[in-house]
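**Student:** Before we start, here is the structure in question, set down as structure tokens.
The values are calculated or read from the model by the stated rules, or taken from the named source; none is laboratory data. Note that the structure is a prediction, hence the values are computed from the model and not measured. A quick note on method: Cβ atoms are made from the backbone with ideal geometry, for glycine too, and the neighbour counts reach across all protein chains shown. For the accessible areas, the whole protein counts, side chains as well, though only heavy atoms, and no ligand, DNA or RNA atoms are used. Shrake-Rupley method; radii C 1.70, N 1.55, O 1.52, S 1.80 Å.
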Amino acid sequence: MNIGINVLFLIPNKVGGTETYSRGLINKLIEEDKNNRYFIFCNKEASSSFIETINCKIVKAPISGKNKLRRLVFEQVIFPFYLLFYNIDIIHSLGYISPLISHCKRLVTIYDLNWYYHPEDFTFLELIAWKVLVTLSAKSCNKIIVSSNSSAKSLISILKTEPYKLEVVYPGSPKFTNPAKKNYLRKWKIKDKYIFTVSAAYPHKNLITLLKSFSLLGPTYSNYNLVIVGLGGRASGEILQFIKNNHLSRVVKILGWVSEKELSTLYKFCTLFVFPSLYEGFGFPVLEAFSFSKPVISSNAFSLPEVTGKAAILIDPNNANELLIEIRNLIENKSKRDYLSNLGAKRVTDFSW
């Protein structure tokens with residue numbers, strides 16, 4: 001059988017968790033399945049980041065993922081002819097949106113409905129495109145994969161998706177290269193003790209609440225940094241202004257996107273990991289922290305309790321004071337940190353590609 005994987009949306013190091021999911025799934029499918037042939041349909045930016053194998057062919061489309069309008073038009077008008085040409089039996093689209101018309105069976109992964117719950121993250125035209133194309137993709141596809149029960153319920157209630165079309169399939173745990181030694185962190189002038197988070201700078205990621213809590217820690221904890229890794233976003237200006245107004249520029253380190261080696265090093269040596277997001281279809285950074293046996297404080301919003309189980313401290317993401325108290329408690333209580341680290345290391349084994 002010829003199985004197509006649609007990653008026309010994927011711009012390396014620019015799309016966050018959807019890239020983590022796509023690469024993890026593709027790598028495992030190709031590694032495990034020797035009976036079927038895979039065709040990875042990529043844009044110009046992503047084509048060189050995938051490797052052809054005996055059972056996997058890379059098909060480079062003549063479009064840039066950076067031009068979203070052109071990519072969407074290509075995906076709906078031209079891409080179905082690619083599927084016909086390569087005699088594809090099933091096309092699995094990994095970026096929320098599937099070709100609406102095709103000769104073959106269609107499967108789509110819809111991670112969340114962020115455009116519905118947090119429209120402030122999008123422009124007016126983006127909102128229209130997401131609403132129309134995600135809704136139509138859900139209606140026209142033969143099957144839909146979601147990464148949490150929370151997302152499944154939202155598709156049923158908001159998009160009126162028939163339950164029989166939905167499959168909840170949890171992603172696997174991300175794999176990292178070997179981290180560097182601790183002195184590697186000196187290039188960023190990070191202190192030996194630091195609180196860590198991985199998050200794009202979108203409003204719903206709620207980094208302002210984390211910054212508020214960190215700013216209230218007080219002089220007792222002046223030997224701690226707050227380290228933020230992730231892509232920029234619509235809340236970047238607000239975040240930078242808060243840091244400036246509260247004189248936090250020397251203790252808050254915003255590193256932007258970092259390499260896999262750098263990311264694994266930052267996870268390995270952090271004191272604790274905090275994830276204050278208001279909305280997640282899954283929440284890969286929590287699993288990543290678990291994989292490094294790190295104690296985690298997580299928001300209790302949407303799918304995150306489903307992911308963390310009992311392995312993290314859950315807080316109300318709108319309550320900066322509650323987060324402040326839990327950060328202080330964990331910093332001061334090594335036995336509690338060790339206990340959570342052990343729970344996280346066990347919890348991450350529940351997730352497999």
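**Student:** When the chain is fully extended, how far beyond the present Cα-Cα distance does Leu136 get from Glu162, taking 0.36 nm per residue of separation?
**Tutor:** Roughly 8.0 nm would be gained on extension.
**Student:** Specify whether the C-alpha gyration tensor of the range 243-289 places it in the rounded, prolate or oblate class, a ≥ b ≥ c being the square roots of the eigenvalues: rounded for a/c under 1.5, otherwise prolate if a/b is larger than b/c and oblate if not. Write out the running numbers ahead of the final one.
**Tutor:** Values: a/c = 2.03, a/b = 1.29, b/c = 1.57.
Cα axes put the range 243-289 in the oblate bin.
**Student:** What 222 nm value per residue comes from the helices of the chain, counting each DSSP H run with n ≥ 4 as -39,500 (n - 2.57) and dividing by all residues, nearest 500 deg cm²/dmol?
**Tutor:** About -10500 deg cm²/dmol.
**Student:** Hey, another quick one. How large a share of the accessible area of the chain, in percent, is made up of carbon and sulfur atoms when the probe is 1.4 Å and the other protein chains stay in place?
**Tutor:** 55
**Student:** Okay, moving on. Please give every one of the lysines within straight-line cross-link reach of Lys153, meaning a C-alpha to C-alpha distance under 18 Å, and leave out same-chain neighbours fewer than 8 residues apart.
**Tutor:** Lys131, Lys139, Lys143, Lys165
**Student:** Express the relative contact order of the chain as a whole percentage, based on alpha carbon pairs under 8 Å and six or more residues apart in sequence. Could you put the intermediate results ahead of the total?
**Tutor:** Numbers: 656 pairs, mean separation 49.4, N = 353.
Dividing the mean separation by the residue count of the chain yields 14 percent.
**Student:** Using Cα pairs closer than 8 Å and at least 6 residues apart in sequence, work out the relative contact order for the range 41-177, in percent.
**Tutor:** Value for the range 41-177: 16 percent.
**Student:** Separate question: Apply the a/c threshold of 1.5 to the C-alpha gyration tensor of the range 30-110 and tell me whether it is rounded, prolate or oblate.
**Tutor:** Verdict is oblate for the range 30-110.
**Student:** Continuing with this model, one more query. Using the Cα centre of the chain as the reference point, and only Cβ charges (+1 on K/R, -1 on D/E), how large is the resulting charge dipole? Debye, rounded to the nearest 20.
**Tutor:** 860
**Student:** Run through the range 105-137 and list the chymotrypsin sites (Phe, Trp or Tyr not before Pro) located in a DSSP loop whose Cβ has at most 15 other Cβ atoms within 10 Å.
**Tutor:** none
**Student:** Separation of the range 169-189 and the range 278-332 by C-alpha centroid, Å?
**Tutor:** Using only Cα atoms to place each centre, the spacing works out to 19 Å.
**Student:** Evaluate E = 1/(1 + (r/R0)^6) for His103 and Glu52, where r is the Cβ-Cβ distance and R0 equals 35 Å; express this FRET efficiency to the nearest 0.05.
**Tutor:** 0.90
**Student:** Here's a follow-up. When a/c is below 1.5 the answer is rounded, else prolate if a/b is larger than b/c, else oblate, so apply that to the chain with a ≥ b ≥ c taken from the square roots of the Cα gyration tensor eigenvalues.
**Tutor:** Judged from the Cα gyration tensor, the chain comes out prolate (a/c at least 1.5, a/b above b/c).
**Student:** Lysine pairs in the range 31-90 with Cα distance under 14 Å, only those 8 or more apart or on different chains: how many are there?
**Tutor:** For the range 31-90, qualifying lysine pairs total 4.
**Student:** Also: Using alpha-carbon pairs under 8 Å, 6+ residues apart, how would you state the relative contact order of the range 240-353 in percent?
**Tutor:** 24
**Student:** With +1 on each Lys and Arg Cβ and -1 on each Asp and Glu Cβ, and nothing else charged, work out how big the dipole of the range 101-164 is about its Cα centre, in Debye to the nearest 20. Write down the numbers at each step before the final one.
**Tutor:** Numbers: 7 positive and 5 negative charges, 85 e Å.
In total the dipole reaches around 400 debye.
**Student:** Can you flag which of Lys175/Lys294; Lys175/Lys310; Lys182/Lys268 are past 18 Å Cα-Cα?
**Tutor:** Cα-Cα > 18 Å for Lys175/Lys310; rest within.
**Student:** Once the piece of chain linking Asn13 and Lys191 is laid out straight, how much longer is it, given 0.36 nm per residue of separation minus the C-alpha distance between them?
**Tutor:** That works out to 61.4 nm of additional length.
**Student:** Spin-label point model (7 Å from Cα, Cβ direction): what's the Asn329 to Leu72 distance in nm?
**Tutor:** Simple spin-label model gives 4.5 nm for this pair.
**Student:** Measure off 7 Å from each Cα along the Cα-to-Cβ vector at Glu32 and Ser249, then give the distance between these two points in nanometres to one decimal.
**Tutor:** Result: 5.0 nm between the two label points.
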